[in-house]
Amino acid sequence: MNQSLTSFAYLVAAVLFILALRGLSHPTTSRQGNRFGMAGMVIAILATFLHGGMDWGWALVIVLGVAIGGSIGLVVAQKIKMTALPQLVAAFHSLVGLAAVFVATSALNAPQSFGIGTPHHIHTESLIEMSIGLAIGAVTFSGSLIAFAKLQALMKGTPITFRGQHQLNAGIGIAILLLVIAFVASGGSMVLFALIAVLAFALGFLLIIPIGGADMPVVVSMLNSYSGWAASGIGFTIGNLALIVTGALVGSSGAILSYIMCKGMNRSIINVIAGGFGNSGDGAAAAATSSEGKAVKHGSADDAAFIMKNASKVIVVPGYGMAVSQAQHALRELGDLLKEDGVEVKYAIHPVAGRMPGHMNVLLAEASVPYDDVFELEQINNEFATADVVYVIGANDVTNPAAKTNPQSPIFGMPILDVDKAKTVLFVKRGMSSGYAGVDNELFFRDNTMMLFGDAKKMTEEIVQALGR
Ligand code: NAP
């Protein structure tokens with residue numbers, strides 16, 4: 001396959017990747033988006049494979065690699081629980097980072113194979129690209145491993161902080177920059193290359209340890225972005241157009257996603273990049289004291305069924321607890337029964353409900369909840385005042401008025417779903433625990449709130465049974 005044909009194939013693949021991202025932006029088109037992405041990847045791999053003639057020995061190695069990696073991916077994808085996706089994504093990013101480190105190392109050791117010079121003279125621009133790719137790849141690798149360990153509870157999720165942390169990180173960042181300049185000036189010194197790698201691995205580790213578990217999904221999305229830029233940098237080194245474009249797409253979409261998540265949680269993206277906006281845990285402490293001495297009204301599935309049956313409009317607010325208990329199918333059944341009784345049923349999705357962007361949309365889509373019944377925060381927030389019942393299923397922080405009223409609260413400034421404006425608020429949760437941010441929710445104690453204590457799926461199934469009686 002000649003160069004222009006390969007470039008054309010890469011262009012087609014890049015267009016398919018863009019269509020994939022566009023498709024993935026809405027539940028109705030997401031499957032199609034996935035297909036575009038798969039087709040683009042097949043074209044990109046085939047074009048790389050066939051470019052410059054086929055070496056059958058290497059072809060066999062690549063086929064074996066794809067078969068082994070693909071099989072592992074297939075098994076993992078089938079077994080993984082939706083709630084464990086953030087740590088899976090973190091683990092994948094660590095591999096992207098490591099791959100960038102390996103490619104940069106190979107390019108330095110065998111520049112002639114990459115067409116970037118000879119062992120005695122590597123082109124300056126290639127030295128710049130490979131050292132930057134190495135640094136970003138190494139930061140991504142160690143940072144993603146720490147993110148994985150925290151999310152998988154292999155290490156404590158609480159922020160690890162020490163005095164002078166930010167100064168140390170800034171110092172290492174500057175040292176890496178100076179080493180990159182020295183490496184390029186030296187024409188590709190192995191020692192400087194190794195020093196860049198060591199410092200960048202250390203920086204990835206140091207950037208992520210101060211981040212609390214609650215903020216980790218944003219960091220995973222940020223690392224996703226870094227892994228894209230690392231791949232793009234390496235794409236320049238090896239002169240692969242597909243890698244440059246795909247890396248840039250991953251880099252920019254990851255950065256946009258991080259920005260959206262930060263906005264949804266009212267966090268500063270600069271703090272995420274600087275690595276230090278973890279929760280201090282003060283919120284949890286505040287929760288323990290503020291709920292003291294107050295009584296809550298709690299009811300049964302029968303009570304909930306009675307109230308809902310007599311409502312004309314019910315808005316469902318799903319959250320992390322629905323995902324944990326996998327209550328989405330029971331929830332759809334509940335919605336169907338209410339609709340049969342002439343009740344208007346809508347679903348309100350907060351941008352950071354659950355533990356990853358689009359978490360609730362995916363689960364509701366899996367249970368075939370009609371897309372037309374699902375609304376974003378901005379679309380539905382004014383409607384709570386006209387709802388008879390809000391069924392808050394496993395959600396907590398995203399309804400917490402402290403985000404509006406308490407400047408000391410860690411969630412202050414985060415937009416919330418105004419569920420308290422409804423006539424009755426039904427909260428399904430197992431107990432009085434706080435949500436992810438560790439803050440108490442005063443809504444539990446309001447007069448128009450009824451707590452339904454129990455597992456989200458079990459409680460919803462019981463309400464469905466009660467409605468059927
Ligand atoms: P949440 O505030 O974490 O609250 C979830 C509630 O579900 C908990 O209070 C828990 O109470 C309950 N629960 C857990 N398991 C349950 C079960 N089996 N059955 C019934 N209830 C159960 O969740 P959220 O309202 O969805 O808010 C999401 C939080 O995650 C926000 O703080 C957000 O900033 C953060 N976050 C989200 C993302 C994202 O991209 N979506 C990213 C980063 C951070 P009990 O223990 O009493 O049952």
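A few remarks follow.
- When region 425-446 is limited to residues that are free of Cβ contacts under 8 Å to residues at least 40 places away in the same chain and either more than 6 Å from the ligand (Cβ to nearest atom) or open to solvent by less than 30 Å² (accessible area, probe 1.4 Å) (or both), the one that is nearest to residue 295 (Cα to Cα) turns out to be 446.
- Of the residues making up region 320-364, those that are open to solvent by 40 Å² or more (accessible area, probe 1.4 Å) and aromatic (Phe, Trp, Tyr) number 1.
- Positions within region 310-344 being polar (S, T, N, Q) and in a helix (DSSP H, G or I), in sequence order: 325, 328
- Filter result for residue 336 (at pLDDT 95 or above, over 24 Å from the mean Cα position of the chain (by Cα) and charged (D, E, K, R)): yes
- Only one entry in 397, 388, 372, 420 is surrounded by 20 or more Cβ atoms within 10 Å (Cβ to Cβ) and either modelled with pLDDT of 90 or more or touching a Pro at 6+ places or on another chain (Cβ under 8 Å) (or both), namely 397.
- Meets criteria (modelled with pLDDT of 95 or more and either outside the structural domain of residue 305 (by TED's automatic domain parsing) or of a type in the set (S, T, N, Q) (or both)) for residue 405: no
- Test: residue in region 193-204 that is closer than 26 Å to residue 265 by Cα and in contact (Cβ under 8 Å) with a residue 40 or more places away in the chain: yes
- Count of region 429-451 residues, restricted to those that are part of a strand (DSSP E or B) and under 25 Å from the mean Cα position of the chain (by Cα), is 1.
- Of all the listed residues (398, 389, 374), the sole one being of a type outside the set (Phe, Trp, Tyr), away from the ligand (no atom under 16 Å from the Cβ) and in contact with a Leu (Cβ under 7 Å, 6 or more places away or on another chain) is 389.
The values are calculated or read from the model by the stated rules, or taken from the named source; none is laboratory data. Worth saying up front: this structure is predicted, and the values here are computed from it rather than measured. Please note: Cβ atoms are built from the backbone with ideal geometry, for glycine as well, and neighbour counts cover all protein chains shown. Each accessible area value is taken on the protein alone, full model and side chains, heavy atoms only, with ligands, DNA and RNA left out. Shrake-Rupley method; radii C 1.70, N 1.55, O 1.52, S 1.80 Å.
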